[in-house]
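We did not get these values from a lab; they are worked out from the coordinates using the rules stated. In this text the structure is predicted, and so the values were computed from the model without any measurement. For neighbour counting, all protein chains shown are included, and Cβ atoms are generated from backbone atoms with ideal geometry for every residue, glycine included.
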Amino acid sequence: MNLANPDASARARSIALQRDETERCEALGIPVCVMHPGAHLGTPRKPRDPNRLGEPPSPDELEGLRRIAASLDELHRQLKGFRTITLLETTVGSGTNLGYDFGHLKVIRELVRAPERVGFCIDTCHIVAAGHDCSTPARAKAVLERFDAECGLEHVHAVHVNDSIGACGSRLDRHEHIGHGACGESCFRAVLRHPKLLGRPMILETAKEDGPGGEPWDIVNARELRRLAGARTAR
């Protein structure tokens, strides 16, 4: 699905696919549906070029953001009265993908006619790989403060807790087990302990395989996250 596709027919197919996803969520009583915003498919940047964080969108990016908002408006028109909220996920900014800068997400929500039907999903791997430095407690706090100022943490309805194989700013979308990547403990502590994110569903998207001693990695990762959150670990 690519709601930013400049080809009208391809974009219409993406809207139809997103409608299927949203209808399924509504039927099952699932309150939110996470999606990547989309790719503008204009002039690509070189793979090693850093993301332009904190800068206004380029002309190609702005047109893509406008197409996403218009696509969401059409989706909302078709699904009038639905309660399921669409969550725009932070991205690493690979290729021409939008959403690596928090300002992108802000623009989309400001442009849609029903902003109450749009929220956000923070992915810890994606924000670090996009170039948001969370390597110290102060820097991680500052990243969340920037997100709060741009988008509002109250609009974050889900979090993907993944470590990052790629270094900060690598634009590499590769997830790693908690504590084995580039995010650092300060990143997870900041997210797990932030008052505005308490109670939000937090989802592991790490490899589903056996870890040390044959213990499933999901259990190992969850235990590490509970430690970083300051919670008592169940035996």
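Put simply, the amide H of Val32, placed in the peptide plane, has neighbours under 5 Å in Ile85, leaving out anything fewer than 5 places away on its chain.
Histogrammed with a bin width of 5 Å, the alpha carbon distances of the chain distribute as 1, 7, 14, 18, 19, 16, 13, 8, 3, 1, 0 percent, first bin at zero. A straight chain from Glu63 to Gln78 at 0.36 nm per residue would run longer than the Cα-Cα distance by 3.1 nm. DSSP beta bridges confined to the range 8-229 are antiparallel in about 25 percent of cases. Relative to the longest principal axis of the Cα atoms of the chain, the long axis of helix 102-111 makes an angle of roughly 40 degrees.
Gyration tensor analysis over the Cα atoms of the range 122-198 returns equivalent ellipsoid semi-axes of 19, 12, 12 Å (largest first, whole Å).
Note on the chain: GNM, Cα springs under 10 Å; of Ala158, Ala130, Ala222, the largest mean-square fluctuation is that of Ala222. Loop-located trypsin sites (Lys or Arg not before Pro) in the range 1-70 (DSSP state other than H, G, I, E, B) with a sparse environment of at most 14 neighbouring Cβ atoms within 10 Å: Arg48.
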